[in-house]
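Let me begin by presenting the structure, written as structure tokens, before commenting on it.
The values are calculated or read from the model by the stated rules, or taken from the named source; none is laboratory data. What you see is a predicted model, and the numbers here were worked out from it, not measured in a lab. Virtual Cβ from ideal backbone geometry, glycine too; neighbours counted across all protein chains shown. Heads up: the accessible areas ignore ligands, DNA and RNA and are worked out on the full protein's heavy atoms, side chains in. Shrake-Rupley method; radii C 1.70, N 1.55, O 1.52, S 1.80 Å.
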Amino acid sequence: MKRTEVRFAHIAEMVEDKGQLEVKLSKDTIDFIARDFGEAYPQFILKMKEPVEVTFMLGIKKHYNQVAIKADQVQEFRQMLEKGMSKHF
């Protein structure tokens, strides 16, 4: 229902601290979290150097400074992020 493109070069920081992940997300944070039953928290928050454009249903577009993600394969996703980010720092 929503989509965006995140470039490694635009990621300023990757947050994995449970204290920060388990609080209510700010208004400038878009979440990509599949919700089944109960409360779901992200595993990562990507703080961006510049806002990313997110496209919603019906082509509505908004900009966000942070992207919250819950991945199916956490270790592989973390490794991919770290590898991609290391090339741009």
Candidate set: the range 1-41, residues that are surrounded by 12 or more Cβ atoms within 10 Å (Cβ to Cβ) and among the charged types (D, E, K, R); chosen: the one nearest to the chain's Cα centre (by Cα): Asp31
Answer residue from the range 59-74, given it is surrounded by 14 or more Cβ atoms within 10 Å (Cβ to Cβ) and not in a strand (DSSP E or B) and is farthest from the chain's Cα centre (by Cα) among those: Ala71
Residues being of a type outside the set (S, T, N, Q) and farther than 16 Å from Phe8 by Cα - total across the range 56-89: 12
Extreme residue, nearest to Glu82 (Cα to Cα), among residues of the range 1-15 that are in contact with a strand residue (DSSP E or B) (Cβ under 7 Å, 6 or more places away or on another chain), touching a residue at least 40 places away in the same chain (Cβ under 8 Å) and not in a helix (DSSP H, G or I): Met14
Neighbours by Cβ (under 7 Å, 6+ apart or cross-chain): first from the range 21-46, free of Cβ contacts under 8 Å to residues at least 60 places away in the same chain; second open to solvent by 50 Å² or more (accessible area, probe 1.4 Å) and in a strand (DSSP E or B): Asp28/Asn65
From the options Phe56, Phe44, Phe77, residue that is over 12 Å from the mean Cα position of the chain (by Cα) and aromatic (Phe, Trp, Tyr): Phe56
